[in-house]
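**Student:** Take this structure, written in structure tokens, and hold onto it; I'll ask about it next.
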Amino acid sequence: MKRILKKAGILLLVFLLGTAGTALLLNSESTDNRSDFNDAVFPEVMVDMNDTLINRMYGYAQPMQADFTRDSVTPLDTSKKLTFKVNPYDSEVKSFSYEIRTSDGSKVLENKKIKNLVKEDQYLSVDVEIGSDLRMNQEYSMQIALELDEGTAYYYTRVVSRSQVHASDYAAFVKYFYEACLDKESADALGSYLEPQTTGAATNYSGININSSLSEISWGNLAPQLCQEGIPVIKEINETTASVVLEYQLTSQNEDEETELYDVKEFYRMKYQDTRIYLLDFQRSANQVFDGTLPVYEDDGIILGVRDKNVEYMMNDAATVIAFVQEGDLWSYSPGNEKVNQVFSFRKSKDGDFRDSRTQHDIKIVRVTDEGDIDFVLYGYMNRGVREGYCGVCVYHYSNDQNVVEEKVFIPSTESYEFLKEDLGTLSYVSTENALYLLFANKLYKINISDGTSEVLEEGIKIDDFAVSDTGAHAAWIIQEGESAGNIKEIDFETLETRSLAPSSGQSLVLNGFMNEDLVYGIVVDGDVIADDNGHETTGIHTVRIEGFDGTLKKEYHQDGLYVTDITMGNTMMEFQLSKKTKKGYKAVSKDNILNNSKASTNTVSVELVTNSRTGTQIRLALTETPEIQEPLVVYAKMKNIGDDRIILDTQIPE
């Protein structure tokens, strides 16, 4: 209590600061008064399946590519009737229209407009009867359009005619299961669905599965309370099995009775047989939403809480500011000047809902300067603000001196986040010359942020044959076509210089990746790609080379009579198997690794696992600098007003 009163006294003296995504008072009282990040206005659309809501859909601001927007599948019975529920929130819905298209979106089979929506409690209800002759077991794309005062919002699901799929039974089971997990007495009945395996390891709530214990499935000592209810989303369904995803939010009280917030995502694979449901697979990840006002600061680190260990973070060269991403939010921490800053977030501090808190986006940190400025790229679905409902890429610059985030460029896409992250999660780099480099729709783009122009540097890139260095300043790929097919091409994004590596006669090259900024590739002798009895091919690498961009050979690795297989790449270490060649394939005989310590001496941050009796395994960022105080000032960045400028790229994936 003393800590809380002390903090409240400090925060009452602080001027109100806005945020990117949420404008918060520093004493945790919040109002969202920034015109560029106003409240979400798009309604939600759901399917009513025998009085159980399923397949919650979020609005898009523009028509999307049907074959690259596969958020859910809605089964149809022989009547081909569906009931939709619209949660309008504060928006007025003028009409509801829909289109049925072939799965690739190329042909419209049916379209209708419905103006009379029936008011039922907080929802608007719409009954749809599809008149088109749909083939059994064939997927079709359904686009729903809501006409609003603010414009048109588009929603997508796949529909498929399948008999006896038991969709409502699956949805009801998922609802029963997750609610029972939140009640210890009810959870006792879930034991028969689990396949527990004792490991002796501490509970990790970010990695619960069907092999976890009943205690772990029912949240152990966390004692959570349901904050935002989940609605089952069907991903795949047929006559015997179904895969369903559920997302919801929980809160938990720490030792000081302060509230922690958790985003939870669950995956269920089920089978309906003999009038009951069998659970074939279950996975759950709980991730804590970082809150800088909680007691998470230590002498040698900062507790990020329950989450996976793959933390997106970056420290500046002076080792005075660290930026990190958690659950779609960007934070920076400066132990020396006793400040933690929420740089970007779509979340509202209070009275929020799933529209502002869903994490169908990600953030890649590009650089952190010694002054504390941050360049970062956000890609995915934009929850609210002037970009609400768009999928795409935003480049932002945060000025630490002004405590302001400014949008530099916005590129809309007609792909959903599920597909965007495959490309943009691989490469999205901003050079010091203010150029953005993206791997987008099998093309390598350069976008000049200052004037909005763009050019394609390379086409026909396969993402499986593309690699990016630790900082993102270098990339390499295998050329797929033309006279140079099979060559490795490497580029420096700061200078735009390139170099090419060609195999010798009777050899081929494989691209393994990067260690820090050094390229790692393998030399394969013809005939050393062997298929086993099942047709699975394994490549035996004769020699591994590590080279700097200037061509300097940093390391060459070869073992007589053995081949390098099963490679795992890290920023500073490469692990692999040493295998013998046999008639039936490669047989592993030992393990080995190559270590690159060139960056270790300057790396002042490490990701550590710590345990807590209530929350189980937690993630901690270990720092070398000791803060002056354990309760740093929490501030929230403001968002600079933006226009509606955007850059349009050709994001159609080639056939």
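**Student:** Relative contact order for region 262-392 using alpha-carbon pairs under 8 Å, separation at least 6, rounded to a whole percent? Before the final figure, lay out the partial values.
**Tutor:** Working: 220 pairs, mean separation 20.0, N = 131.
Relative contact order here is 15 percent.
**Student:** Work out the count of Lys pairs in region 472-604 where the Cα-Cα distance is under 21 Å, with the pair 8 or more places apart or on different chains.
**Tutor:** Lysine pairs meeting both conditions in region 472-604 amount to 7.
**Student:** What full-extension length gain, to one decimal in nm, is calculated for Ser590 and Ala223 as 0.36 nm per residue of separation minus the Cα-Cα distance? Spell out each step's value before the answer.
**Tutor:** On the way: separation 367, 0.36 × 367 = 132.12 nm, distance 4.58 nm.
Extending this stretch completely gives an extra 127.5 nm.
**Student:** Now, a different point. Using Cα positions and a limit of under 21 Å, work out the lysines in reach of Lys94, with same-chain residues fewer than 8 apart set aside.
**Tutor:** Lys85, Lys112, Lys113, Lys115, Lys119
**Student:** Sticking with this one: Report the net charge of residues surrounding Lys112, where surrounding means a beta-carbon distance below 12 angstrom and charges are Lys +1, Arg +1, Asp -1, Glu -1.
**Tutor:** Numbers: positive: Lys113, Lys115; negative: Glu99, Glu110, Asp127, Glu129.
Residues close to Lys112 contribute a combined charge of -2.
**Student:** Picking from Met639, Val589, Ser334, whose Cα lies most toward the positive end of the charge dipole for the chain (charges on Cβ: Lys, Arg +1; Asp, Glu -1)?
**Tutor:** Going by the Cα projections, it comes out as Val589.
**Student:** Return the aspartates and glutamates within reach of Lys364: Cα separation strictly under 17 angstrom, same-chain partners fewer than 8 residues apart disregarded; answer none if there are no such residues.
**Tutor:** Cross-link targets: Asp308, Glu312, Glu327, Asp329, Asp373, Asp375, Glu406, Glu407, Glu418, Glu422, Asp423, Asp470.
**Student:** Quick one: work out Rg over Rh on the C-alpha atoms of region 251-316, Rh as Kirkwood radius. Don't jump to the answer; show the numbers that get you there.
**Tutor:** Numbers: Rg = 17.9 Å, Rh = 15.1 Å.
Here the Rg-to-Rh quotient is 1.18.
**Student:** If you roll a 1.4 Å probe over the heavy atoms of the protein chains, what accessible area per residue do you get for region 49-116, in Å²? Show your work: numbers first, answer last.
**Tutor:** Numbers: 3210 Å² over 68 residues.
With all protein chains present, region 49-116 gives 47 Å² per residue.
**Student:** State, as an integer percentage, the relative contact order of the chain based on alpha-carbon contacts under 8 Å between residues 6 or more apart.
**Tutor:** Details: 1577 pairs, mean separation 83.7, N = 655.
Reported relative contact order: 13 percent.
**Student:** Have a look at Thr359, Asn442, Trp477 and report the one farthest towards the positive end of the charge dipole of the chain, computed about the Cα centre with Cβ charges (Lys/Arg +1, Asp/Glu -1).
**Tutor:** Checked the options; the winner is Thr359.
**Student:** Can you pull the accessible area of Lys580 for me, 1.4 Å probe, Å² to the nearest 10?
**Tutor:** Probe radius 1.4 Å; accessible area of Lys580 about 110 Å².
**Student:** Rg and Dmax of the chain, Cα atoms, in Å?
**Tutor:** For the chain, the Cα radius of gyration and maximum Cα-Cα distance read 26.3, 77 Å.
**Student:** With the other protein chains left in place, how much accessible area per residue, in square angstrom, belongs to region 126-235 at a 1.4 angstrom probe? Walk me through the numbers before you get to the answer.
**Tutor:** Numbers: 4940 Å² over 110 residues.
For region 126-235, the solvent-accessible area averages 45 Å² per residue.
**Student:** For region 92-188, just say rounded, prolate or oblate: build the C-alpha gyration tensor, square-root its eigenvalues into a ≥ b ≥ c, call rounded for a/c under 1.5, and beyond that prolate if a/b exceeds b/c, oblate if not. List each step's numbers first, then the result.
**Tutor:** Working: a/c = 2.59, a/b = 1.41, b/c = 1.83.
Oblate, because a/c is 1.5 or more while a/b does not exceed b/c.
**Student:** For region 240-317, which GluC sites (Glu not before Pro) are in a loop by DSSP, counting at most 13 other Cβ atoms within 10 Å?
**Tutor:** Numbers: sites: Glu247, Glu255, Glu257, Glu258, Glu260, Glu266, Glu298, Glu312; in loops: Glu255, Glu257, Glu258, Glu312.
When the GluC sites (Glu not before Pro) of region 240-317 are filtered for loop state and at most 13 Cβ neighbours within 10 Å, Glu255, Glu257 remain.
**Student:** Counting only protein chains, not ligands or nucleic acids, how are Arg269, Arg646 ordered by accessible area (probe 1.4 Å), most first? Don't skip to the answer; put the middle values down first.
**Tutor:** On the way: Arg269 95, Arg646 75 Å².
In descending accessible area the options line up as Arg269, Arg646.
**Student:** Of all accessible surface on the chain at a 1.4 Å probe, what whole percent is carbon and sulfur? Working shown, then result.
**Tutor:** Numbers: 12710 of 29270 Å².
That share works out to 43 percent.
**Student:** Find the accessible area per residue for region 491-530; the probe is 1.4 Å, ligands and nucleic acids are left out, and the unit is Å². Write down the numbers at each step before the final one.
**Tutor:** Details: 1570 Å² over 40 residues.
Here the per-residue accessible area is 39 Å².
**Student:** Using only alpha-carbon positions, what ratio does the radius of gyration of region 348-465 give when scaled by 2.2 N^0.38 Å? Working shown, then result.
**Tutor:** Numbers: Rg = 14.9 Å, N = 118, 2.2 N^0.38 = 13.5 Å.
Cα-based Rg divided by the globular estimate yields 1.10.
**Student:** With runs of 4+ DSSP H residues as the only contributors, calculate the mean residue ellipticity of the chain at 222 nm using -39,500 (n - 2.57) per run, divided by the residue total and rounded to the nearest 500. Write out the running numbers ahead of the final one.
**Tutor:** Numbers: 6 runs with 45 residues, N = 655.
When only DSSP H runs of four or more count, the value is -2000 deg cm²/dmol.
**Student:** Enter the Cα centre distance for the pair region 486-512 and region 262-295, rounded to the nearest angstrom.
**Tutor:** Centre-to-centre (Cα) distance: 43 Å.
**Student:** List residues of region 140-181, by number, whose backbone nitrogen lies under 14 Å from a label position 7 Å along Cα→C-beta of Thr78.
**Tutor:** Within reach of a label on Thr78: 162-165.
The values are calculated or read from the model by the stated rules, or taken from the named source; none is laboratory data. Note that the coordinates shown come from a computational prediction; the quantities given were computed from them, not determined experimentally. Reconstructed Cβ throughout: ideal geometry from the backbone, glycine too, with neighbour counts over all protein chains shown. Accessible surface is based on the protein model in full, side chains and every heavy atom, while ligands, DNA and RNA are left aside. Shrake-Rupley method; radii C 1.70, N 1.55, O 1.52, S 1.80 Å.
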